[in-house]
Amino acid sequence: MNNNIVILDGGMGRELARMGAPFRQPEWSALALMEAPHFVRQAHDAFIAAGSQVISTNSYAVVPFHVSDEVFAQRGAQLIALSGKLAREAADAAPSAVKVAGSLPPVLGSYRPDLFEPVKARGLLDVLVAQLSPHVDYWLAETQSSVAEVELVREALGDDKRPLWLSFTLEDSLNEQGAALLRSGESITDAVNAVLRLDAKAVLFNCSRPEVMASAVQEASRVAKHHQAHLEIGVYANAFEPSDNKRGANEGLSEMRKDTDPQGYLSFAEEWVTAGATMVGGCCGIGPEHIAALAQALGAKQ
């Protein structure tokens, strides 16, 4: 087993809720930024203490889809900047090196490639990029459902030289050939070819069931090898009950499955590493205790 895996952080929203931070739908993890930002810093600190080497800004829900058009117009830029500042301060205060990834969400709705409108999305991405830029080491476009979404991210970043990581969310089940698919129906091969074409440094898979990740990692590894390209491959799955992975964002609070306790989640992660993953972390429902298990078993040994 490779013991030099990069350890990412876990799911911010559920960790904030567990900590007692202000939390509700539809604002999700943005509500703590709006009402009690010290909780966001505490969550970052908890993931760093658990062993995260990269933390993501709490900017995922700071879009009109979650906070409303009115709030975004009035406070969106300020809240995004605050999310970057809090992550940067937490990383800089860490006892060992921690990097900050600027979270660029699917700005028009998670799991909904059908809602994607390039012109509308570009305006929101421009605000995110401008406000996060002073604070981040990497760009992380996450929970992307289609190739078109990540192409727009690359366009919005322009000539920014910081490493770009592109992370896709997957269909709940493998197809009849045992292959994973993006939620748009596009193949992992399509996604990885786009990642290489856009000069991204990593392809990741997130906010999907743990069971579909290994197939995606295997296919991504095959495509990268075919192109003789060095590409980091990452996974951070969610802990939703299988039926709730069909639930759209803002459609109620999903139930957490019981077999993704820290040791159960680690077992999945070991499968991903065997398949070729070089970065692991967690999405919704994966907390510091899960990250600690990953770091102890998979992180670089001192």
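The values are calculated or read from the model by the stated rules, or taken from the named source; none is laboratory data. A quick note: this is a predicted structure, and the numbers were derived from the prediction, not measured. Cβ: placed from backbone, ideal geometry, glycine included. Neighbour counts: every protein chain shown. Note: areas computed on protein heavy atoms with side chains; ligands, DNA, RNA excluded. Shrake-Rupley method; radii C 1.70, N 1.55, O 1.52, S 1.80 Å.
Projecting the Cα atoms of 50, 174, 265 onto the dipole axis of the chain, where Lys and Arg carry +1 and Asp and Glu carry -1 at the beta carbon, places 50 farthest toward the positive end.
Accessible area per residue for the chain, computed on protein heavy atoms with a 1.4 Å probe, is 40 Å². Rounded to the nearest 500, the 222 nm mean residue ellipticity of the chain from helices alone is -13500 deg cm²/dmol, with -39,500 (n - 2.57) taken per DSSP H run of at least 4 residues. Taking only the C-alpha atoms of region 137-231, the Rg (one decimal) and the largest Cα-Cα distance, Dmax (whole number), read 12.6, 40 Å. Translational diffusion coefficient of the chain (Stokes-Einstein, Kirkwood radius from Cα pairs, 37 °C, 0.692 mPa s): 175 µm²/s. Under 5 Å between amide hydrogens, built in the peptide plane, is the criterion, and for residue 205 it picks out 168, 234, 235, 236 among residues at least 5 positions away or on other chains.
How large a share of the accessible area of region 18-106, in percent, is made up of carbon and sulfur atoms when the probe is 1.4 Å and the other protein chains stay in place? Present the calculation step by step, with values, prior to reporting the outcome.
Working: 1800 of 3380 Å².
Carbon and sulfur together cover 53 percent of it.
GNM on the chain, alpha-carbon springs under 10 angstrom: the most fluctuating residue among 95, 26, 106 is 95. Annotation: amide H-H contacts under 5 Å for residue 56 (H modelled 1.01 Å from N, sequence separation of 5 or more, or interchain): 9, 101.
Remark on region 1-135: ratio of C-alpha radius of gyration to 2.2 N^0.38 Å is 1.05. Taking amide H as placed 1.01 Å from N in the peptide plane, the amide H of residue 183 sits under 5 Å from that of 169, 171, each at least 5 places away or on another chain. Mean separation of Cα pairs under 8 Å and 6 or more residues apart, divided by the residue count, gives the chain a relative contact order of 23 percent.
Determine the order of 9, 126, 69 by accessible area, beginning with the largest, at a probe radius of 1.4 Å.
The most accessible residue leads, giving 69, 126, 9.
The phi torsions of region 276-289, fed into the Karplus equation with coefficients 6.51, -1.76 and 1.60 and a -60° offset, translate into couplings of x, 5, 10, 9, 9, x, x, 10, 3, x, 9, x, x, 5 Hz, rounded to whole numbers, with Gly and Pro shown as x.
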